[in-house]
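The values are calculated or read from the model by the stated rules, or taken from the named source; none is laboratory data. Small disclaimer: the values here were computed from a predicted structure and weren't measured. In this analysis, Cβ positions are derived from the backbone assuming ideal geometry, glycine residues included, and neighbour counts consider all displayed protein chains. Ligands, DNA and RNA are stripped out before the accessible areas are found, and what is left, the full protein with its side chains, is counted by its heavy atoms. Shrake-Rupley method; radii C 1.70, N 1.55, O 1.52, S 1.80 Å.
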Amino acid sequence: MSPTSTQRVLLGMLPPSSNTVLEPVTSAMLAGLPEASAHFGRFKVTEIALSRQALGQFDDGEILRAAELLSHARLHCIGWNGTSSGWLGFDADERLCARITQATGIPACTSVLALNEILRTTGVTRFGLVSPYLGEVQAKIVENYARSGFECVGERHLRLQDNYSFSEVTADQIGAMAREVAKSKPQAITIFCTNLRGAPLVEELERELGIPVYDTIATAVWKSLR
């Protein structure tokens, strides 16, 4: 499906329904690119846990229905702006991208696959992990990254489950977690949640810590533009 104009860059984004951070942060990141715009479609996600009910929220069928509606806007790309493959396994995002493209004819990407591409491209094997998630979710993320050759040398999490609550985590809390993780001397730190207001803090944290910080809202924007 060809875009309506070669002068415009139309980016489709699929945030969870209870996310209130991703849309304004993504739009702010694109503000310096007047030819680029983000267009959002939601599907139901209200909690992050390993229960059957919580995992069932990430059924491809719901995401594909949202992607199909977005495709009517003749987008250049459709991105899944969530980190669920961190605990489900990265192959879940690979399958989802293939299914979105098959259903819509539009290239697809995800926050997590973009992050992983950046880590590989920059030669990072030891990383720090900052998230708002429950301990059991955090452990699955660490396990999946270890299986792919990435060692988590430091992590902090807030033991939260309600997805909306992630948006209420303060800049001071995020910064404190990043500083604690930095003590483990990772090659990079990831702020791993698309409803966490981490992206606006990245420049300041990198300057203070001397360590690259990759936020999962920003990784999806980066890959969508590429």
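The residue that is nearest to residue 81 (Cα to Cα), counting only those in region 110-151 that are acidic (Asp, Glu) and touching a residue at least 60 places away in the same chain (Cβ under 8 Å), is 117.
Checked against (1) over 15 Å from the mean Cα position of the chain (by Cα); (2) at pLDDT below 90; (3) closer than 18 Å to residue 215 by Cβ, residue 28 meets all criteria but (2). Aliphatic (A, V, I, L, M) and open to solvent by 40 Å² or more (accessible area, probe 1.4 Å) - does that describe any residue in region 116-133? No, the conditions are met nowhere in region 116-133. Taken over region 74-109, the residue count meeting the criterion of being in contact with a strand residue (DSSP E or B) (Cβ under 7 Å, 6 or more places away or on another chain) and free of Cβ contacts under 8 Å to residues at least 24 places away in the same chain is 3.
May I ask you to list the residues in region 51-81 that are at pLDDT below 90, surrounded by 14 or more Cβ atoms within 10 Å (Cβ to Cβ) and not in a helix (DSSP H, G or I)? Once the filter is applied, which keeps residues that are at pLDDT below 90, surrounded by 14 or more Cβ atoms within 10 Å (Cβ to Cβ) and not in a helix (DSSP H, G or I), region 51-81 yields 57, 58.
Checking each residue in region 38-50 for being at pLDDT 90 or above and either among the polar types (S, T, N, Q) or surrounded by fewer than 17 Cβ atoms within 10 Å (Cβ to Cβ) (or both) picks out only 39.
Conditions tested, residue by residue: (1) more than 18 Å from the chain's Cα centre (by Cα); (2) at positive phi; (3) part of a helix (DSSP H, G or I).
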{"position": "99", "(1), (2), (3)": "yes, no, yes"}
{"position": "103", "(1), (2), (3)": "yes, no, yes"}
{"position": "106", "(1), (2), (3)": "yes, no, no"}
{"position": "114", "(1), (2), (3)": "no, no, yes"}
{"position": "123", "(1), (2), (3)": "yes, yes, no"}
{"position": "136", "(1), (2), (3)": "yes, no, yes"}
{"position": "144", "(1), (2), (3)": "no, no, yes"}
{"position": "149", "(1), (2), (3)": "yes, yes, no"}
{"position": "152", "(1), (2), (3)": "no, no, no"}
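In the set 124, 153, 137, 142, only one residue is more than 20 Å from residue 20 (Cα to Cα) and touching a Cys at 6+ places or on another chain (Cβ under 7 Å); that residue is 142. For region 200-221, a residue qualifies if it is surrounded by fewer than 18 Cβ atoms within 10 Å (Cβ to Cβ) and in a helix (DSSP H, G or I), and the qualifying residues are 200, 203, 204, 206, 207, 208.
Of all residues in region 156-199, those satisfying the criterion of being over 22 Å from residue 21 (Cα atoms), open to solvent by 30 Å² or more (accessible area, probe 1.4 Å) and not in a helix (DSSP H, G or I) are 183, 184, 185, 187.
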